[in-house]
Amino acid sequence: PPLHKQRHQFVVDFVKRNKPKKVVDLGCGECTLLKMLKFHHEIELLVGVDVNGAKVKKRMHGLAPISTDYLEPSYDQLCVELYQGSVTQKDARFKGFDLVTSIELIEHLTPADVELFSEVVFGYMTPKMVIISTPNSEFNIFMPGVSCYRHSDHKFEWTRAEFRSWAMKVCLDYGYEVEFTGVGKAPQGQQEAVGFCTQIGVFYQLGGRDCCKTLLVNDAEDLFPYTLLYKVNY
Ligand code: SAM
């Protein structure tokens, strides 16, 4: 299957194993991943946010229940919400989730915004689990026609060492541990040398630690900067 499907399937498989009840997809785009996740009945709250509201609106109606969904009793728990907003901003509605996914998003952020993203996701939203995917630049030698970045909007593409060093710092700062994996295998015999085409970090919040700099909300701040675009209850 194509790589974007493999990335989404990775999340679906993770959800099947870990059964999170509340899931947020950051940079949800046209809601492709959310549409796959709505079939997983353990999920009670499924939320997406993207800075590009027009992109979200384009296909969001595909998240509406179809008439037969109402005949499915296990569906009566599901609530879906879609927002326009930037992952560099803190919104109080995004706290307390079990799983946050960020698929091919961070490489679109400037280095300063990556810092804000780390703070917002790991220091403010403080979910139990986080899945982050991003291109592995070491793999680009196998991608014909890629001379610099895979996409013109990418602000950077990290090697495995660069991704690891960002991830380890996040873990130290905010009290998480991380496992590295990926999708898209290199040709036979070269997997070790270059790694996966898409690198993935799976983060788990460490319980009962107060060493980390979890952020307190300033009352003067806007608690809800994101705009609600769509909401449906099954
Ligand atoms: N996650 C989707 C997927 O796997 O197909 C879309 C990936 S697309 C390459 C990157 C998405 O991130 C775009 O939809 C873009 O609008 C969104 N994005 C970029 N900067 C953002 C920001 N600061 N906050 C929220 N979303 C952002």
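The values are calculated or read from the model by the stated rules, or taken from the named source; none is laboratory data. Note that the structure is a prediction, hence the values are computed from the model and not measured. Positions of Cβ are backbone-derived with ideal geometry, glycine not excepted, and every protein chain shown enters the neighbour counts. For the accessible areas, the whole protein counts, side chains as well, though only heavy atoms, and no ligand, DNA or RNA atoms are used. Shrake-Rupley method; radii C 1.70, N 1.55, O 1.52, S 1.80 Å.
Cβ-Cβ contacts under 7 Å between residues 6 or more apart (or on different chains), taken from a first residue in region 1-29 that is free of Cβ contacts under 8 Å to residues at least 24 places away in the same chain to a second residue that is open to solvent by 40 Å² or more (accessible area, probe 1.4 Å) and more than 11 Å from the ligand (Cβ to nearest atom), are listed as K19/E42.
If a residue counts only when it is surrounded by fewer than 16 Cβ atoms within 10 Å (Cβ to Cβ) and within 15 Å of the ligand (Cβ to nearest atom), which helices (runs of 4 or more DSSP H) contained entirely in region 1-117 have at least 3 such residues? Break it down into steps so the answer makes sense when it comes.
Details: elements: 3-18, 32-37, 53-59.
Where helices (runs of 4 or more DSSP H) fall fully within region 1-117 and carry at least 3 residues being surrounded by fewer than 16 Cβ atoms within 10 Å (Cβ to Cβ) and within 15 Å of the ligand (Cβ to nearest atom), they are 3-18, 53-59.
Against the condition modelled with pLDDT under 95 and either of a type in the set (A, V, I, L, M) or outside any strand (DSSP E or B) (or both), how does V120 come out, does it pass? So V120 does not fit the description; no. Every condition in (1) closer than 26 Å to P127 by Cβ; (2) open to solvent by 80 Å² or more (accessible area, probe 1.4 Å); (3) assigned to a loop (DSSP other than H, G, I, E, B) is met by E177 except one, and the failing one is (3). Those residues that are part of a helix (DSSP H, G or I), basic (K, R) and in contact with an Asp or Glu (Cβ under 7 Å, 6 or more places away or on another chain), I need them from region 123-167; list them, please. R160 - this is the single residue of region 123-167 that is part of a helix (DSSP H, G or I), basic (K, R) and in contact with an Asp or Glu (Cβ under 7 Å, 6 or more places away or on another chain). Checked against the criteria, V120 does not count as within 11 Å of the ligand (Cβ to nearest atom), over 25 Å from V232 (Cβ atoms) and more than 13 Å from the chain's Cα centre (by Cα).
Listed here are the residues, each with its yes/no results for (1) among the hydrophobic types (A, V, I, L, M, F, W, C); (2) at pLDDT 95 or above.
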residue: H4; (1), (2): no, yes
residue: N18; (1), (2): no, yes
residue: N52; (1), (2): no, yes
residue: K58; (1), (2): no, yes
residue: L71; (1), (2): yes, no
residue: Y75; (1), (2): no, no
residue: E104; (1), (2): no, yes
residue: H108; (1), (2): no, yes
residue: V114; (1), (2): yes, yes
